[in-house]
Amino acid sequence: MKAVLLYPMNALATDQAGRISDYLTSPDLAQVTAGLYIGDRPDTDFPRVMTRREEMRVSPPDVLITNYKMLDLLLQRGEDRALWQDADITYVVLDEFHTYDGAQGTDVAMLLRRLATAVGATRPDSPLGRICPVATSATLGAGRAGTSAGGLLDVAAQVFGMPFTADAVIGEERMTAEEFTGEVDYALPEPPTPEEVIAASGGVDVEAKPDLLDLDGLATRMLGRQGLDAFRVGRLLRRHDFTLGVLALLDGEPLDEWGLRDRLSRFGYAWGRTARENPQLALQALARFVALLSAARDPDSDERRPRPLLHVTAKDRATRVYGLQPGHVQVRLLDDSIVNKAFVACEDCG
């Protein structure tokens, strides 16, 4: 065994196992093996990733994909001892590193030290010894130690038991709206008003009945053409002036409902007027167009490994806890609605 990939949930581990299986189909990686070892045997078989425990015990994979609670068991159970007998672990990867805080971070830190001890990698001055730790997260920022963002380096040092310099952080490079869209195609239809977006995408009842959402109809209104596949829709939307305007409006930063309302009020005459007179309608129209962007496919990808034109993240933010009930907590959202949120802990992944 050469590497251990740790995920906080079985669903994430299984999803990544599929991606790794596809990656290992490359002829250059024909000699590399991988195994998915989680609480339950996955329903899906992967061509290049082992899922049978007996097979992995007889022939340990080069790359082990698991979750931290299962790794805890693998280091204890006698029947899994064969996994570690000839292991020469070079890398240990913690995905979703932002989830390892507080007591859970302490547990995982101790678990990694036990792993290093089990494979004979630890040294007196370095708990993980020769093992190179890697932490990944789409949520954490980058920064210098001693600053608020630099807390990332401080937490990593505590979890992995070694110091990290600023150049150990690999961030992301975000494209501007203009870089993403490229040259605008002004031959495409003019941008729709919020009312036109609502009408073209299924009418006013879509929020109550999501099955009525008609993104094909919205694509036809936006692009002036029918019957386009998701890749063609992505290619044309990418060059639409309205896409450029929406991306510039959102500006790559998280916005709450009130922030969106404020920006929409200054987003051209038709959208600005609707945002002032009927802000809920303007927000619904924007959400439907963003849904179209998310459903479209990146024209630079293909059907075998399609990528969305844009990754869209939306979260409900509660302003305060409203009440506690057996099995769930009541929270009040920004729009003053009260919803029930279940709290459930999985026995396998936490």
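The values are calculated or read from the model by the stated rules, or taken from the named source; none is laboratory data. Model, not experiment: these values are computed from the prediction. No Cβ is skipped: glycine too gets one built from the backbone with ideal geometry, and neighbour counts run over all protein chains shown. When the accessible area is computed, the model is the full protein with side chains, heavy atoms only, and any ligands, DNA or RNA have been set aside. Shrake-Rupley method; radii C 1.70, N 1.55, O 1.52, S 1.80 Å.
Summary of values
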{"item": "Residue-wise HN-Hα coupling along the stretch 61-70, computed from phi with Karplus coefficients 6.51, -1.76, 1.60 (Hz; x: Gly, Pro)", "result": "x, 5, 10, 9, 10, 7, 10, 5, 6, 5"}
{"item": "Sequence-distant residues sharing a close amide H with Arg307 (under 5 Å, placed H)", "result": "Asp298, Ser301, Asp302"}
{"item": "Stretchable slack from Arg53 to Ala208, in nm (0.36 nm times residue separation minus alpha-carbon distance)", "result": "51.2 nm"}
{"item": "Net charge of neighbours whose Cβ lies under 13 Å from the Cβ of Ala199, counting Lys and Arg as +1 and Asp and Glu as -1", "result": "-2"}
{"item": "Cβ-placed point charges (K, R +1; D, E -1), dipole of the stretch 206-318 about Cα centre in debye, nearest 20", "result": "240 debye"}
{"item": "Net charge, Tyr37 excluded, C-beta distance under 10 Å - Lys, Arg +1, Asp, Glu -1", "result": "+3"}
{"item": "10 Å binning of all Cα-Cα separations within the stretch 161-203, expressed as whole percents from 0 upward", "result": "19, 21, 24, 14, 13, 10"}
{"item": "Highest to lowest packing among 27-37, 237-247, scored as the average C-beta count within 10 Å", "result": "237-247, 27-37"}
{"item": "Area of Glu195 that stays accessible when all protein chains are in place (1.4 Å probe, Å², to 10)", "result": "80 Å²"}
{"item": "Equivalent ellipsoid semi-axes - Cα gyration tensor, the stretch 63-189, angstrom", "result": "37, 19, 13"}
{"item": "Cα-only radius of gyration and Dmax that characterise the stretch 156-227, units Å", "result": "22.1, 58"}
{"item": "Chymotrypsin sites (Phe, Trp or Tyr not before Pro) restricted to the stretch 174-236 and DSSP loop, no more than 14 other C-beta within 10 Å", "result": "Tyr186"}
{"item": "For Val4, residues with placed amide H under 5 Å, excluding near neighbours", "result": "Leu64, Tyr91, Val92, Val93"}
{"item": "Arg123 paired with Asp101, simple spin-label distance in nm, labels 7 Å along Cα-to-beta-carbon", "result": "3.3 nm"}
{"item": "Förster radius 25 Å - calculated FRET efficiency between Arg307 and Tyr91, Cβ distance, rounded to 0.05", "result": "0.45"}
